[in-house]
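The values are calculated or read from the model by the stated rules, or taken from the named source; none is laboratory data. All figures in this text were calculated on a predicted structure; none of them were measured in a lab. Quick reminder, even Gly has a Cβ in these numbers, built from the backbone with ideal geometry, and neighbours come from all protein chains shown. Just the protein is used for accessible areas: all its heavy atoms, side chains included, with ligands, DNA and RNA removed. Shrake-Rupley method; radii C 1.70, N 1.55, O 1.52, S 1.80 Å.
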Amino acid sequence: MIIVFAMSLKEYSKKRNFNSTAEPEGEIKKSTSELIFVVQKHAASHLHYDFRLEMDGVLKSWAIPKGPSMNPADKRLAIMVEDHPYSYKDFEGTIPEGNYGAGNVVVWDNGTYTLADYKNAGDLETKLKSDLQKGHLSFNLNGKKLKGEFALVKLKTKQENTWLLIKSKDQYAIDEDVLQQDKSVLSDMTLEDLENMSKKNDVIL
């Protein structure tokens with residue numbers, strides 16, 4: 001089982017030179033209790049948000065160009081990318097130039113999640129994998145910024161990795177732009193703060 005799971009991180013590891021980037025190396029790990037999610041704001045070649053759900057000891061990941069929304073009227077394009085290691089949940093900082101995804105990263109939001117229609121604690125992993133395979137995941141987020149029910153829906157297009165992230169109509173739904181809350185939930189820094197720190201370090205060097 002561990003060998004199968006480790007294979008899901010093969011693409012992640014292949015794209016990175018860990019002698020050059022501080023990103024964590026691929027390793028299988030699981031939460032001791034509730035499943036976690038994380039959203040990282042990433043200023044790479046294009047600004048986007050990386051939405052990640054813990055599943056099978058890794059973080060299933062989607063890149064969201066316009067970022068998540070708490071407004072059910074917004075249907076956000078989400079491009080499924082390679083699995084990331086569980087320890088990536090705490091990663092923020094600068095990915096150096098010349099590396100895959102070079103740019104600044106902050107942990108924009110994090111918390112725990114459950115499946116929206118989940119009843120039996122014994123079959124959660126099976127249910128998650130089944131829903132992912134079917135191309136429709138409905139889940140409740142309990143984050144600092146993102147709360148309530150969301151759905152990830154796979155689009156039937158030529159590109160197999162295209163999904164939509166949609167906020168459900170519930171008591172947490174709002175019209176306001178949640179992306180205006182731009183600080184890291186770990187360090188209280190913005191991407192601009194990281195950029196300024198990086199420039200100062202370059203001057204010192």
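The strands (runs of 3 or more DSSP E) located wholly in region 92-205 include none with 1 or more residues which are over 21 Å from the mean Cα position of the chain (by Cα) and over 18 Å from MET70 (Cα atoms). Please specify each residue of region 77-98 satisfying the condition of being touching a Gly at 6+ places or on another chain (Cβ under 7 Å) and of a type outside the set (Phe, Trp, Tyr). If the condition is that a residue be touching a Gly at 6+ places or on another chain (Cβ under 7 Å) and of a type outside the set (Phe, Trp, Tyr), then PRO85, ILE95 are the ones that fit. Residues in region 121-177 that are acidic (Asp, Glu) and open to solvent by less than 90 Å² (accessible area, probe 1.4 Å): ASP123, GLU125, ASP131, GLU149, ASP170, ASP177.
Close Cβ contacts (under 7 Å, 6 or more residues apart or on different chains) running from residues in region 170-191 that are farther than 18 Å from ASP74 by Cβ to residues that are charged (D, E, K, R) and open to solvent by less than 40 Å² (accessible area, probe 1.4 Å) comprise VAL185/ASP109; LEU191/LYS41.
Go through region 20-48 and report how many residues are open to solvent by 20 Å² or more (accessible area, probe 1.4 Å), over 29 Å from LEU124 (Cβ atoms), assigned to a loop (DSSP other than H, G, I, E, B) and in contact with a strand residue (DSSP E or B) (Cβ under 8 Å, 6 or more places away or on another chain). Residues flagged as open to solvent by 20 Å² or more (accessible area, probe 1.4 Å), over 29 Å from LEU124 (Cβ atoms), assigned to a loop (DSSP other than H, G, I, E, B) and in contact with a strand residue (DSSP E or B) (Cβ under 8 Å, 6 or more places away or on another chain) within region 20-48 amount to 3. When the residues of region 69-91 are narrowed to those that are assigned to a loop (DSSP other than H, G, I, E, B) and of a type in the set (Gly, Ala, Ser), which ends up most open to solvent (accessible area, probe 1.4 Å)? Looking at residues that are assigned to a loop (DSSP other than H, G, I, E, B) and of a type in the set (Gly, Ala, Ser), I get ALA73. Residue count for region 92-116 under the criterion of being closer than 15 Å to ILE36 by Cβ and open to solvent by less than 20 Å² (accessible area, probe 1.4 Å): the result is 6.
Going by what's in this entry, would ALA22 be described as out of contact with any helix residue (DSSP H, G or I) (no Cβ under 6 Å at 6 or more places or on another chain), among the hydrophobic types (A, V, I, L, M, F, W, C) and in contact (Cβ under 8 Å) with a residue 24 or more places away in the chain? Criteria met by ALA22.
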